[in-house]
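The values are calculated or read from the model by the stated rules, or taken from the named source; none is laboratory data. All of these numbers come straight from a predicted model, not from anything done at the bench. FYI the Cβ positions are ideal-geometry reconstructions off the backbone, even for glycines, and counts take in every protein chain you see.
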There are 2 protein chains.
Amino acid sequence: MKATVHVFLKPGVLDVQGKAVENALHGLGWPSVKDARVGRVIEFDLDATDAEAATAEVKAMCDKLLANTVIESYRIDIA
Amino acid sequence: MKATVHVFLKPGVLDVQGKAVENALHGLGWPSVKDARVGRVIEFDLDATDAEAATAEVKAMCDKLLANTVIESYRIDIA
């Protein structure tokens, strides 16, 4: 099964990378760009019997390694 | 409209971050994890009349700023 994890800073946390991208796009002639946010995406294959078991495993991976849950939130997609 | 851009290293380019994640997950007790790849995701809002125009604009943003097209490929989703 293929897992995709999106990791973003939590809404309250200042996203300096997103702010920098937004400012750069404004400067390059796209003033309509708003609320830019930059995150990480991690894709991998894993052996799992069903989507529910895979989601539980990937959730554990996120909490242990893939995300810093103090300041980041994550979303898991299993396909 | 909301644009989401996924940026990954091209298949031929060694993804050291992905390799590190894969090795770490193996070490933490998930030996079945394979082909881990780490990329960036950039989300933002923009004013556009229709999805086609938005896609063309975001493509220009990717080529100019968001991706290094020498070593990275990107995927655009407009919602």
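Has the range B:29-44 got any residue that is part of a loop (DSSP other than H, G, I, E, B), touching a Ser or Thr at 6+ places or on another chain (Cβ under 9 Å) and farther than 20 Å from A:ARG40 by Cα?
no
A:GLU72: acidic (Asp, Glu) and in contact with a Gly (Cβ under 9 Å, 6 or more places away or on another chain), yes or no?
Criteria met by A:GLU72.
Need pairs with beta-carbon distance below 6 Å; first residue modelled with pLDDT of 95 or more and within the range B:30-45, second among the basic types (Lys, Arg); sequence gap 6+ or separate chains.
Here the result reads B:GLU43/A:ARG37; B:ASP45/A:LYS34; B:ASP45/B:LYS2, each pair linking the range B:30-45 to a residue that is among the basic types (Lys, Arg).
Take the residues of the range B:49-60 that are within 11 Å of chain A (Cβ to nearest Cβ) and in contact (Cβ under 8 Å) with a residue 24 or more places away in the chain: which is nearest to A:VAL38 (Cα to Cα)?
Step by step, filter the range B:49-60, then rank; the result is B:VAL58.
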